[in-house]
1. Out of the residues in the stretch 35-55 that are away from the ligand (no atom under 16 Å from the Cβ) and surrounded by 14 or more Cβ atoms within 10 Å (Cβ to Cβ), which is farthest from residue 10 (Cα to Cα)?
2. Does any residue in the stretch 43-57 that is over 13 Å from residue 26 (Cα atoms) come within less than 7 Å, Cβ to Cβ, of a residue that is modelled with pLDDT of 85 or more and not in a strand (DSSP E or B) six or more places away or on a different chain, and which pairs are these?
Ligand SMILES: [Zn+2]
């Protein structure tokens, strides 16, 4: 990839709002761990949902 293409790719990633899709999840003693991926750019994230009625929060910074 050229530097210009890489830069354009970074800008495209910066301007869109990630649309997270849950790829998999499992229950732990801490709550439910959700493995999510942005359908648009493919960035992955791991969320933890402590309680079924509470919103998930990110456990990690966006990966790759
Ligand atoms: Zn995205």
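1. 49
2. 43/18
The values are calculated or read from the model by the stated rules, or taken from the named source; none is laboratory data. On a predicted model such as this, the values are computed, not experimentally measured, just so you know. Note that each Cβ is placed from the backbone with ideal geometry, even for glycine, and that neighbours are counted across all protein chains shown.
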